[in-house]
1. Can you give the log10 of the normalised intensity I(q)/I(0) at q = 0.21 Å⁻¹, computed with Debye over equal Cα scatterers of segment 1-98?
2. How large is the helix-only mean residue ellipticity at 222 nm for the chain, computed as the sum of -39500 (n - 2.57) over DSSP H runs with n ≥ 4, divided by its residue count, in deg cm²/dmol to the nearest 500?
3. Over segment 91-245, what per residue volume does the convex hull of the Cα atoms give, in whole Å³?
4. Please arrange 340, 82 by how many other C-beta atoms lie within 10 Å of their C-beta, fewest to most.
5. Can you give the convex hull volume of the alpha carbon atoms of segment 210-386 per residue, in Å³?
6. Let me check I have the definition right: for segment 269-364, take the eigenvalues of the Cα gyration tensor, multiply each by 5, take square roots. What are those semi-axes in whole Å, largest first?
7. Fewest to most neighbouring Cβ within 10 Å: what's the order for 339, 52, 191?
8. If you restrict to DSSP beta bridges whose two residues both lie in the chain, what percentage is antiparallel, to the nearest 5?
C-alpha cells in the first residue's frame, strides 16, 4: 500500500509521528512518501543546512521526503502563525500533486488547513483521507487567542466542522476527543482512538547521570522537571508562583525547566527578577541527550491551563515521562488525569493553582524513593502495553488496511 504523509512538520523537527512512524509502516511492507515543509519548529528558525526554495526532494533513511516552501514562524504573533500554516497549505496544494506519486491513503497530520490539499489529491486519485487530530480546531486557535475577530472565528468553526465531517476517517488521541467530535456530528464509526507514543529512539529509562547532575549544580536536590515546549497554553507562571511558595521552606527542592518555546525567554527572565534560586532553566537539548536529562528528575511535571479544551487533550510529555519510567505530577483535568490514575504512574492535582502545585510537589518529595520508583515502573508498563510505537503502529496498520480494502 502507498501511504502519503501530508504533514507540515517532519524530521529533523522533533515529531514522534514523523520518520520513526514512516519507517515502522515501511517495515510492515508499505511504501511511505512524505509531503512536508522546511524544518523550523519549535523556534521558527530554519534548521542548519536548509534554505527556503520552492521545493526540495530528500531521501531520509529510505523514506522519500518532498519539502515545499513555507513562511517559517512559531512565535506569539497570530498573523505570522497564520502565514506559517497557510503558506505551507498553498505550496503543498500548488506543488504537491506534481511531486508525489499516486497514494492509496492520504494521512494528514493534525492541521485542518491541509484538508483542501488532501481533498485535491483524493479527487485526483480516489483515495481515502485519514486526519490525525492532535489539536481540536477551532478550539485550540480560539484558546490561544491568535484569532480574535468574531466573524473569522465563525467562518473557521464552519470550515473545521466541514473538514472533520467529510474526512474518510479521523484518528484522535483520547476518548474525550472522540466524544466531542461525535457531539459535533461526526459519525462514531468514522473515529478511532489511537494514543500517541513518544520518541522511543531517544527516551528510555537510565540511571541518574551523576556527572551531569554535578555539572548543573543539582547534587543533593529533589528535582521536579518540566521538559518540552513552553508556550502560552502550558501556563508556567503557575510553576514560578509555586516555586516562590516553596523557596524558603523547602530549600532541597529544585524546579528544572528544560526546553524552548515562545514563553521560555520570558519565564527565564521572570525567574531571575523574582530571585527564584530554586528554579533552574536549561535551553532545549538535542533529542539524543534527553535520556540523560530526564535521568536527573525525581518527578516529572505536566501542566496546562485550566481550559475545557485540555480535558480531552493528552500532552505528549505524558508519554515521554512514562516511557522514561519517571513518576508524573500531572496538573491537567480529564483524559490525561484518567491515564495517570489508571496506570498508577503519578499524582494528579488541580491545574492553574500555585498552592495545589506546591502541595503536590511537597507530597511527592515526602514519598520514599522506593514509592517513586514503583510509580515510574507502573507508568512504564502501562505505556508499553497501551501507548507505545508498536501498539500504535499495529492499530494504524489495521485501520489503513481496512480503509484500503473497503
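1. -1.06
2. Calculated mean residue ellipticity at 222 nm is -12500 deg cm²/dmol.
3. 207 Å³
4. 82, 340
5. Spelled out: Cα convex hull of segment 210-386, divided by residues, is 106 Å³.
6. Working through the eigenvalues yields semi-axes of 21, 19, 13 Å.
7. Least to most surrounded, the residues fall as 52, 191, 339.
8. If I count the DSSP bridges inside the chain, around 10 percent turn out antiparallel.
Each value in this text was obtained by applying a stated rule to the coordinates, not by laboratory testing. As the structure is a computational prediction, the values presented were derived from the model and not from experiment. Please note: Cβ atoms are built from the backbone with ideal geometry, for glycine as well, and neighbour counts cover all protein chains shown.
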